[in-house]
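Novice: Below are the structure tokens for one structure; questions will follow.
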Amino acid sequence: MFTVDRITLRRDAIYHSTYTGKPPDEPAVLGAALNEVFVPILRKQFPEIEDFYLPPEGCSYRLAVVSMKKQYPGHAKRVMFGIWSVLRQFMYTKFIVVTDDDVDIREWKEVVWALTTRVDAARDILVVENTPIDYLDFASPIAGLGSKMGIDATNKWPAETSRAWGRPIAMQSEVKRRVDLLWKDLGL
Amino acid sequence: MDVKVAKREMRYRDLRDFLSQLERAGELKRVRAEVDPNLEMTEVCDRVLKSGGPALLFEKPKGHSIPVLGNLFGTTRRVALAMGADPRADPLEALRDIGALLAVLKEPEPPRGFRDAFERWIPIVKQVMPMSPKEVSGAPCQELTWEGKGVDLARLPIQTCWPGDAGPLITWGLTITRGPLKERQNLGIYRQQVIASNKLIMRWLPHRGGAADFREHSEARAGEPFPVAVALGADPATILAAVAPIPDTLSEYQFAGLLRGSRTEIARCRGSDLHVPASSEIVLEGVIHPGESAAEGPFGDHTGY
């Protein structure tokens, strides 16, 4: 409890205020702006990180999505632990989803596509128990202590799977060029 | 990593200077009608924020003569401007440039030879080194003083944000503390619930600097009151430095100076050795008495509950 003994002011003082509510609110806008500040800091520490996104709907810090250039089996897990450790700001990030760099992580539809096509729940979900959690997070079983989850939604490499793995379908560029030329004659 | 270290010109002097720049650019509107800091302001700010609208200066908060500034950081562009971005620059790129500078400061790579030192290091060092804060006397934030019976938080237009909230809440309180073993002060934004004319409940999470300073104080100087200062309406760079991921080797005041393009001016509190931003609009000085704590809330939170 803070006891105020004295208040000093400028002449014609202004009182600066805000409120916090369900996103989007002012802290969410600030969070989105700080997200851009975080990207170069993370990439300096982990050059394999392509992009990093804290969706405002996730209270600006509780869920992170990361895209990376994967270089070896298990690499996505190293990135998860790295993010949880590198900055105090991510100490209470409950969920981290890691994707390959072909996924635009700022588009939820693409993230869901990666989750549903590249994840096996038992193999690719990591749960760490008894980690620090914001004490206002009433979903954790004990105030201040709870679990975190990492989801590896990258393509699985030979050491991670014994199955033949799918490749995203994409049209050949020469076909696209030819259709571009044809387009005006197609009457579409 | 390339870091743009173009010499920054001074972006603004203080919050008022920043506000007049915003007003000229159409990024701040004055609200002349009477609006109640109890709930109504939240609803007005919420609508304006959701439409990407301007910062708001409520000139007639109901029952008060002190105007209220709201929605200051309501768009990415205003956050970037507050961090010293060039108004002509793309705000997202400007923010990434600041991140790149922080990345270098956090973990400086040793210069690779003389040429590298000259081209890359000297400009960074030149920017950061002269940015230590400067103590001034006769600071604007101490033009008026309320003491004794004059200390009444009800004289400030503190918002009650949501129905069901336990009471008025100070939301942008830049809280300044110092641990017993440290030279450096901690700056953090902690929300504070008004519970009496001169009492607030400070909500600092255990991993934050203010809480750590208080713990160390309680161990080293058991039984002694812990001095605290809360600055309201400091210059925007200092406010944002308190929430930015700055490295431990840099003080928030230095980083704010770097963003703003001028040294941060600080003033010694009247009643303690703490130093507050000299241009702050309002400063609360006081102490935490040992053993005095209270349960906070309930309050509507940024999680939507």
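Every number here is computed from the coordinates shown, using simple stated rules; none is lab data. Given the structure is predicted, the values throughout are model-derived calculations rather than measurements. Here the Cβ positions follow ideal geometry from the backbone for every residue, glycine too, while neighbour counts run over all protein chains shown.
Novice: Ignoring trypsin sites (Lys or Arg not before Pro) that are buried or in helix or strand per DSSP, and keeping those with at most 15 other beta carbon atoms within 10 Å, what is the longest stretch of chain A between them? If you can, show how the numbers build up before the last one.
Specialist: On the way: sites that count: A:Arg11, A:Lys69, A:Arg106, A:Arg163.
My reading of the result: A:12-68 is the longest stretch.
Novice: Additional query: Grab the beta carbon distance between A:Ala170 and A:Gln45, set R0 = 30 Å, and tell me the FRET efficiency rounded to 0.05. Walk me through the numbers before you get to the answer.
Specialist: Details: r = 32 Å, r/R0 = 1.06.
With a Förster radius of 30 Å, E is 0.40.
Novice: Where the Cα atoms of chain B are projected onto their three principal axes, how long is each span, largest first, in whole Å?
Specialist: 62, 51, 41
Novice: For region A:1-85, evaluate the Debye formula with one uniform point scatterer on each Cα (no solvent term) and list log10 I(q)/I(0) at q = 0.18, 0.19, 0.26 Å⁻¹, rounded to two decimals.
Specialist: These q points yield log10 I(q)/I(0) values of -0.83, -0.88, -1.25.
Novice: Right, another one. Quick one: compute a quarter of the convex hull surface over the Cα atoms of region A:53-101 and quote it in nm².
Specialist: 3.3
Novice: Shielding of B:205-215 by partners, i.e. mean partner chain Cβ atoms within 10 Å per residue?
Specialist: 2
Novice: Now for a separate question. Determine how many Å³ per residue the convex hull of the Cα atoms of region A:42-150 encloses.
Specialist: 105
Novice: Further question: Give me the one-decimal Kirkwood hydrodynamic radius in Å for chain A, with the sum taken over alpha-carbon pairs.
Specialist: About 19.7 Å, per the Kirkwood formula over Cα pairs.
Novice: Then there's this: Antiparallel as a % of all DSSP beta bridges within region A:57-173, to the nearest 5? All intermediate terms of the calculation are to be shown ahead of the outcome.
Specialist: Values: 7 of 18 bridges.
In region A:57-173, DSSP labels about 40 percent of beta bridges as antiparallel.
Novice: List nothing, just return the count: lysine pairs in chain B, 8 or more apart or interchain, with Cα separation under 21 Å.
Specialist: 13
Novice: Based on Cβ point charges of +1 for Lys and Arg and -1 for Asp and Glu, what charge dipole magnitude is obtained for the protein assembly as shown about its Cα centre, in debye rounded to the nearest 20?
Specialist: Value, rounded to 20: 760 debye.
Novice: Note down the relative contact order for region A:53-188 as a percent, whole number, built from C-alpha pairs under 8 angstrom at least six residues apart.
Specialist: Reported relative contact order: 23 percent.
Novice: Can you give me the Rg/Rh ratio for region B:155-272, using Cα atoms for both radii and the Kirkwood formula for Rh?
Specialist: With Rh from the inverse mean 1/r over Cα pairs, Rg/Rh is 0.97.
Novice: Right, here's the next one. So what's the convex hull volume per residue for the Cα atoms of region A:132-188, in Å³?
Specialist: 233
Novice: Using a 10 Å Cβ count of at most 10 others and DSSP loop calls, identify the longest part of chain B lacking such trypsin sites (Lys or Arg not before Pro).
Specialist: Values: sites that count: B:Lys7, B:Arg88, B:Arg112.
Between exposed loop sites, the widest span is B:113-305.
Novice: Just to be sure I follow: if Rg is taken over the C-alpha atoms of the protein assembly as shown and Rh is the Kirkwood radius over the same atoms, what is Rg/Rh?
Specialist: Numbers: Rg = 24.6 Å, Rh = 24.5 Å.
Ratio of gyration radius to Kirkwood radius: 1.00.
Novice: Using only DSSP helix segments of four residues or longer, with each worth -39500 (n - 2.57), what per-residue ellipticity at 222 nm results for the protein assembly as shown after dividing by its residue count and rounding to 500? Walk me through the numbers before you get to the answer.
Specialist: Working: 14 runs with 139 residues, N = 493.
The helix contribution divided over the protein assembly as shown gives -8500 deg cm²/dmol.
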